[in-house]
1. So which residues in the stretch A:58-101 are farther than 25 Å from B:Val65 by Cβ and aromatic (Phe, Trp, Tyr)?
2. In the list B:Val73, B:Val82, which residue meets the criterion of being modelled with pLDDT of 95 or more and out of contact with any helix residue (DSSP H, G or I) (no Cβ under 9 Å at 6 or more places or on another chain)?
3. All but one of (1) more than 10 Å from chain B (Cβ to nearest Cβ); (2) more than 14 Å from A:Phe166 (Cα to Cα); (3) surrounded by 17 or more Cβ atoms within 10 Å (Cβ to Cβ) hold for A:Asp65; state the number of the condition that does not hold.
4. Given the criterion open to solvent by 10 Å² or more (accessible area, probe 1.4 Å), more than 8 Å from chain B (Cβ to nearest Cβ) and either closer than 30 Å to B:Asp23 by Cβ or touching a strand residue (DSSP E or B) at 6+ places or on another chain (Cβ under 9 Å) (or both), identify the matching residue among A:Phe155, A:Phe166, A:Phe171.
5. Residues that are under 17 Å from A:Arg182 (Cα atoms): find the strands (runs of 3 or more DSSP E) completely inside the stretch A:101-168 holding 1 or more of those.
6. Taking into account only those residues within the stretch B:188-210 that are closer than 15 Å to B:Cys268 by Cα and open to solvent by less than 10 Å² (accessible area, probe 1.4 Å), which is nearest to the other protein chains (Cβ to nearest Cβ)?
7. Quick one: in the stretch B:154-166, of everything that is open to solvent by 60 Å² or more (accessible area, probe 1.4 Å) and either of a type outside the set (A, V, I, L, M) or in contact with a strand residue (DSSP E or B) (Cβ under 9 Å, 6 or more places away or on another chain) (or both), which residue is nearest to B:Gly189 (Cα to Cα)?
8. Can you tell which of A:Lys127, A:Lys109 is more than 13 Å from every other protein chain (Cβ to nearest Cβ), surrounded by fewer than 19 Cβ atoms within 10 Å (Cβ to Cβ) and of a type outside the set (Val, Ile, Thr)?
Amino acid sequence: MSMLRSNPDFFADLKEVSLPFAAGDVEELRAGELVGLTGVLYTGRDQTHRRFFDLLEQGRELPVDLSGQLLYYVGPSPARPGQVIGAAGPTTSYRMDVYTPRLLELGLKATMGKGRRSPRVREAMVKYKGIYLATIGGAGAFLSKCIKAAELVAFADAGPEALFRFTVEKFPAVVINDTTGRDFYEEVKNDKLEKSSDSQ
Amino acid sequence: MREITSKTITAAVREIAMAAGCDLEPDILDNLLQARERETSRLAANVLDILLINADIASRDKIPVCQDTGVAVIFVTMGQDVRIIGNLEEAIQEGVRLGYEDGFLRKSVCDPITRVNTMTNTPAVIHLELVAGDCFELAIIPKGCGSENMSGLTMLPPSAGLDGMVDFVVETVVAAGPNPCPPLLVGVGMGGTFEKSALLAKKSLLRPLGEPSPRRDVAELERKILNRINKSGQGVHGLGGCNTALGVHIEPYPAHIASLPVAVNIQCHAHRHKEISL
């Protein structure tokens, strides 16, 4: 039996967003908005960040210019022959919290993963005008279909933690933190708390 | 005495590792479908739809359900009347290495000091249990660590009682928030010693999702904790609704008169598991 239901109406609501971002683009996006990302993004997770910071400490340039870019926290599984990429869903973002403010300062405009960000990262997003998106954890096979090209850019020896350039089409995500300081996870939680105190 | 060769074991481990990576078992799919039916939040319902479509694509195209194909946790239940021809440990590790390579699964294991990837997804974590008879059973849980990282263990004083235990489990899940990919399966080991409780928590994940404990008082605790977790309203991926957890499995074991260890092993909705009997 196929588990396929009707196409989720999630996609009917998506706001189309082009990557990389032009000046001022991310400031128009608000916490809770559903977006479909189309264009080019970079990937990186724990070791990718560690290596970025080693390069910065040595006063060297990063392998890519991050200004205006979106950095997606993912370590994809290998592609089978004939596939663009294997599963490519988000990893948990808090592990990158320690690195993110510095990258936002360097011009990075958005990060994407899953789960909450630290107060320090949220402050940095307001200060440097950046946003944070969550995409769907555990939907790596589904999300791989939104990736039209994948190219290895640097750190091949880090295996799944290498730096890749992805070309994506209508890649779905939810805006969690916007440039005004709002946090969608907190709003969902507070909404629930209000509802339960109403009913008491 | 029954004899099993290391070659047979390697082939079996390879097979279950590959199958577990791409095919969700019926107990998980059924629970996701039930969660979709009762979901109250529109956004969460849409995400559950995507998770069901994801399972379909993964199985059809042999793409892993989730790119985090985990640390391979292998449970071996071996009858004491079985004799292994060859090296059991090496046979299992070789099966994991082959399964992750041939199945296009991600290699996610690294040295804890240097963080250099072993590039084979080995070593696996192996738990061997010797039992009476001549059975030989293998089970794999490819354990993703977005969820594993949100697990916790506490050594409660007996005076904390069941209320203390329930509070610790619920608080661990609520504190994790959206990080571990809810809706979750919450594995709880209760009693024993420090390490026994952790192992029981992991082992509880092998019980078919939604099957209550055979002990009525434990099953009642499981229901109580599940209700409290789902009233938190965090929901699927922290986006709201009534499905923060799909199930709570508690495995009890007698404890010291001074002690009440409680271990909580958090598992994501992509709970992959596969069993084989040789």
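1. Narrowing the stretch A:58-101 to residues farther than 25 Å from B:Val65 by Cβ: A:58-69, A:97-101.
Residue satisfying the conditions is A:Tyr99 alone.
2. On the way: B:Val73 fails: out of contact with any helix residue (DSSP H, G or I) (no Cβ under 9 Å at 6 or more places or on another chain).
Unique residue meeting the criteria: B:Val82.
3. Looking at each condition in turn, A:Asp65 falls short on (3).
4. Details: A:Phe166 fails: open to solvent by 10 Å² or more (accessible area, probe 1.4 Å); A:Phe171 fails: open to solvent by 10 Å² or more (accessible area, probe 1.4 Å).
Being open to solvent by 10 Å² or more (accessible area, probe 1.4 Å), more than 8 Å from chain B (Cβ to nearest Cβ) and either closer than 30 Å to B:Asp23 by Cβ or touching a strand residue (DSSP E or B) at 6+ places or on another chain (Cβ under 9 Å) (or both) holds for just one of A:Phe155, A:Phe166, A:Phe171, which is A:Phe155.
5. Working: elements: A:110-113, A:131-134, A:147-154.
In the stretch A:101-168, the matching strands (runs of 3 or more DSSP E) lie at A:110-113, A:131-134.
6. Within the stretch B:188-210, the match that is nearest to the other protein chains (Cβ to nearest Cβ) is B:Leu205.
7. Step one: list which residues in the stretch B:154-166 are open to solvent by 60 Å² or more (accessible area, probe 1.4 Å), which gives B:155, B:157-159, B:162-163.
Now narrow it down to the ones that are either of a type outside the set (A, V, I, L, M) or in contact with a strand residue (DSSP E or B) (Cβ under 9 Å, 6 or more places away or on another chain) (or both): B:155, B:157-159, B:163.
Numbers: B:Met155: 12, B:Pro157: 16, B:Pro158: 15, B:Ser159: 18, B:Asp163: 15 Å.
Filtering the stretch B:154-166 for residues that are open to solvent by 60 Å² or more (accessible area, probe 1.4 Å) and either of a type outside the set (A, V, I, L, M) or in contact with a strand residue (DSSP E or B) (Cβ under 9 Å, 6 or more places away or on another chain) (or both), the one nearest to B:Gly189 (Cα to Cα) comes out as B:Met155.
8. On the way: A:Lys109 fails: surrounded by fewer than 19 Cβ atoms within 10 Å (Cβ to Cβ).
None of the other options fit; the residue is A:Lys127.
The values are calculated or read from the model by the stated rules, or taken from the named source; none is laboratory data. Bear in mind that the values here come from a model prediction, so they are computed numbers and not experimental data. Counting neighbours? That spans all protein chains shown, and the Cβs are built from the backbone with ideal geometry, glycine included. Protein only, heavy atoms only, side chains kept; ligands, DNA and RNA dropped before computing areas. Shrake-Rupley method; radii C 1.70, N 1.55, O 1.52, S 1.80 Å.
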